[in-house]
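The values are calculated or read from the model by the stated rules, or taken from the named source; none is laboratory data. What you see is a predicted model, and the numbers here were worked out from it, not measured in a lab. Counting neighbours? That spans all protein chains shown, and the Cβs are built from the backbone with ideal geometry, glycine included. To get the accessible areas, we keep the full protein, side chains included, count just its heavy atoms, and leave off ligands, DNA and RNA. Shrake-Rupley method; radii C 1.70, N 1.55, O 1.52, S 1.80 Å.
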Amino acid sequence: MKMFWVGVALIALSLPAAAGLFSSCDGASKEKMPDWVSKPDYSRPGYYVGVGSAEKDGKTKDVQMKAAEDNAKSNLVQRIEVTIRAENSQNTHVTNNGVEKDTRSRVIVSAEEVLRDLQVKDRWLDPDTCTQHTLMITSQQSVAQAKREKTMKNRLETFKLHLAAGSDREKNRDITVRGKFLDDARALLMDTDFSVLPDELGKDVYTKRLNEIVIQFNKESSQVRGRTALFALNQDGSLNDSILGKILDQLRAGNASADILMAECNTAEDCISRARERGFSMLALLNTNSQVSTSQMGALKGVITVSRTVYDIESHKIMKADIGKGEIIGWSDAELDWETAAEKAIQDLK
């Protein structure tokens, strides 16, 4: 009887040592649990490290290994993201308007975009739980190289978008906005390293393209800088376009620095905005109306009133305001010479 219990005891003592031999996990690891599973060390010099695991849960061996790899990769990506966020936060600076990001910080890459040379460094299948563990690494040098290539590629694409926006007069009527796009495009181009973009045309080609557009932009800007835009509002619709045109022509003839703007505007704010879009420094805005009254003798008196307000567009201040009137007499509507009335109103303004 004693021999029986001794045998049982011997069998019991040998079970832990033989657990791996009788494990139901296909391909279970015979080695003891490695440190990277029990105490993961993510500070391996020169590498990003990720550790992931996947339970059996009825999965096939291949599916379980793939799940553990995906989890290890996700873990590794999170660590790269921390580095990228820290680098991007360094591209901010404080201005009077708060914290802003400079031109370069607008070009951001994600960790997924810069992953390359991933390696499964080790695997361990827990013989007790059938949990698959995976250790994955990638070198910091390869990530840094991939990040720089991706950053430069994104920066060049952003440059192209800014260049297109700065040269599109239809999409961006405001000359100030287009100028800002072109300034940003130049900053992006100057900060682009073409040595990591061998498939691109090269910095000289893009610089030439940018300079050609800037020359046209400066030509357009210089044509109106320091000049006065002329706009006429005919809010009551009492004067026809022909009379309004003659009023503007006469004012234009008396002011060599004034240009008539043919675009329509409906309010003073709208007119100021349209003049600013075209780069003008000043705006002379005319408000016109006409009235007809009948005298006691039955004669008709027509009066054109033209009020002129001159704005400094940059400061949005009124620099000058005056009114001109022109009167005409006739015995019927057909006899009222509104062109003559308009000329008198303009002379009164002058």
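Looking at L125, L115, can you tell me which residue is out of contact with any His (no Cβ under 7 Å at 6 or more places or on another chain), surrounded by 15 or more Cβ atoms within 10 Å (Cβ to Cβ), among the hydrophobic types (A, V, I, L, M, F, W, C) and under 17 Å from S38 (Cβ atoms)? Steps first, please.
Numbers: L115 fails: under 17 Å from S38 (Cβ atoms).
After ruling out the rest, the residue left standing is L125.
Identify the single condition in (1) surrounded by 14 or more Cβ atoms within 10 Å (Cβ to Cβ); (2) assigned to a strand (DSSP E or B) that R274 does not satisfy, given that it satisfies every other one.
Unmet for R274, out of (1) surrounded by 14 or more Cβ atoms within 10 Å (Cβ to Cβ); (2) assigned to a strand (DSSP E or B): (2).
Just the residues that are under 29 Å from I272 (Cα atoms) and of a type in the set (F, W, Y), please, taken from the range 319-342.
W338
Just to verify a result, which residue in the range 161-176, among those that are without any contact (Cβ under 8 Å) to a residue 40 or more places away in the chain and part of a helix (DSSP H, G or I), is surrounded by the most Cβ atoms within 10 Å (Cβ to Cβ)?
If we take residues in the range 161-176 being without any contact (Cβ under 8 Å) to a residue 40 or more places away in the chain and part of a helix (DSSP H, G or I), then H162 is surrounded by the most Cβ atoms within 10 Å (Cβ to Cβ).
Out of the residues in the range 301-350 meeting the condition of being among the charged types (D, E, K, R) and more than 53 Å from the chain's Cα centre (by Cα), tell me which one is farthest from T288 (Cα to Cα). Explain how you work it out, then say what you get.
Going through the range 301-350, the residues among the charged types (D, E, K, R) turn out to be 301, 308, 312, 314, 317, 320, 322, 325, 327, 333, 335, 337, 339, 343-344, 348, 350.
Then drop every residue that is not more than 53 Å from the chain's Cα centre (by Cα), which leaves 301, 327, 333, 335, 337.
Working: K301: 17, E327: 14, D333: 19, E335: 21, D337: 16 Å.
Going through the qualifying residues, I end up with E335.
Quick one: in the range 294-350, of everything that is in a loop (DSSP other than H, G, I, E, B) and of a type in the set (D, E), which residue is surrounded by the most Cβ atoms within 10 Å (Cβ to Cβ)? So that I can check it myself, show each step before the final result.
Here is the first cut: in the range 294-350, the ones in a loop (DSSP other than H, G, I, E, B) are 295-299, 313-316, 331-332, 336-337, 350.
Going one step further and asking which of them are of a type in the set (D, E), we end up with 314, 337.
Working: E314: 9, D337: 14.
The residue in question is D337.
Taking the options T158, T138, name whichever one is assigned to a helix (DSSP H, G or I), touching a residue at least 24 places away in the same chain (Cβ under 8 Å), open to solvent by less than 60 Å² (accessible area, probe 1.4 Å) and more than 29 Å from I272 (Cβ to Cβ).
Details: T138 fails: assigned to a helix (DSSP H, G or I).
On inspection, the qualifying residue turns out to be T158.
Take the residues in the range 55-108 that are among the charged types (D, E, K, R), modelled with pLDDT of 65 or more and within 30 Å of A187 (Cβ to Cβ), then tell me which one is least open to solvent (accessible area, probe 1.4 Å). I'd like the intermediate steps shown before the answer.
Residues of the range 55-108 among the charged types (D, E, K, R): 55-57, 59, 61-62, 66, 69-70, 73, 79, 81, 85, 87, 100-102, 104, 106.
Going one step further and asking which of them are modelled with pLDDT of 65 or more, we end up with 55-57, 59, 61-62, 66, 69-70, 73, 79, 81, 85, 87.
When the remaining residues are screened for being within 30 Å of A187 (Cβ to Cβ), the result is 81, 85, 87.
Working: E81: 49, R85: 141, E87: 72 Å².
Among those residues, the one meeting the criterion is E81.
How many residues are touching a residue at least 40 places away in the same chain (Cβ under 8 Å) and touching a helix residue (DSSP H, G or I) at 6+ places or on another chain (Cβ under 7 Å) when one looks only at the range 291-304?
If we filter the range 291-304 for residues that are touching a residue at least 40 places away in the same chain (Cβ under 8 Å), which is where we start, we get 291-292, 304.
Subset that is touching a helix residue (DSSP H, G or I) at 6+ places or on another chain (Cβ under 7 Å): 304.
So the answer is 1.
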